[in-house]
Amino acid sequence: MKAKLAAGNWKMNGLGRDLSEVRALISAMGAPSCEVLICPPATLIDRMRILADETVLQVGAQDCHAQASGAHTGDTSVAMLADAGATHVIVGHSERRADHGETDAQVQAKTQAVLGQGLVAIVCVGETETQRDAGQTLAIVGAQMRGSMPEGCTAQMVVVAYEPVWAIGTGRTPTLAQIEEVHAFMRRELTERFGSEGAAMRLLYGGSVKPSNASEIFALANVDGALVGGASLKAADFGQIVAALGAAS
Ligand code: PGA
């Protein structure tokens, strides 16, 4: 099993001056017994990578284009992200699915592009509140995983993040039993499709993870880390989440 992963998603937040939070995080976290990743906006990848050089911090991207190059104004290819220093790319975040109408097929093409460049894809799935209330959570998560992940995914190259849409940025989280139920389902589905690779694939929980709830979430079966939005912006908060994950490892 690979080391657990604490991944920060800065979303559309962060200017050069905010790199002071990254300096503070690096000095506060020491040598954690988990992997630590921050996915800043694309404009900060290169500068953050320089700061993170020779530290345990890894730097990733929040999205990519599926094509390697071409006439796609405003888009960024995986090769460009890798060139800037990214080692991971988040794909299929619910904000991309909602704001940009990304389909499972498009997310799968992006995942394929990430794997093709040898980077790690963090594939996001999760139900809306309406879907949960209608009892469709497992059906939605299952369909998104099947549609968004290409054949041949390995535990080395792919991480899957379960992010209930209604828990993102709201301060609300599912019950521990609900998280455990979805993660157990994901583990079964991934093992059925990818065999031992699926059994070893890291499953992150995301949606309002904060210092006060991190430890109880990390204690759950089949939770191998977290994808953290708001609480990853402040070194003090993210540092505590990294420490909680290290303690659970
Ligand atoms: P949040 O975001 O931690 O602010 O809820 C999580 C995410 O969208 O990845």
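Bear in mind these aren't lab numbers, they're just calculated from the coordinates by the rules spelled out. Predicted model only: the values in this text are computed from it and were never measured. Quick reminder, even Gly has a Cβ in these numbers, built from the backbone with ideal geometry, and neighbours come from all protein chains shown.
A few points about this structure:
- Bridging of Lys110 to lysines at a Cα separation below 19 Å is possible for Lys11, once same-chain residues fewer than 8 apart are set aside.
- For segment 1-20 and segment 173-215, distance of Cα centres in Å: 20
- Sites counted here are GluC sites (Glu not before Pro) in a DSSP loop (not H, G, I, E or B) having no more than 10 other Cβ atoms within 10 Å; the longest part of the chain that contains none of them is 152-249.
- Length released on extending from Met157 to Ala219, taking residue separation times 0.36 nm less the Cα-Cα span: 19.9 nm
- Assigned charges on the beta-carbon of Lys, Arg, Asp, Glu; segment 5-248 dipole about Cα centre (debye): 240
- Nearby lysines by direct alpha-carbon distance to Lys4 (threshold 18 angstrom, same-chain neighbours under 8 apart not counted): Lys210
- Burial ordering of His93, His72, fewest other beta-carbon atoms within 10 Å first: His72, His93
- The chain: relative contact order in percent, alpha carbon pairs under 8 Å with at least 6 residues between: 23
- Once both labels are positioned 7 Å from their Cα atoms along Cα-to-Cβ, the gap between Asp133 and Asp83 label points is 4.8 nm.
- Neighbour-limited loop hits for trypsin sites (Lys or Arg not before Pro), segment 168-249 (at most 14 other Cβ within 10 Å; DSSP other than H, G, I, E, B): Arg172
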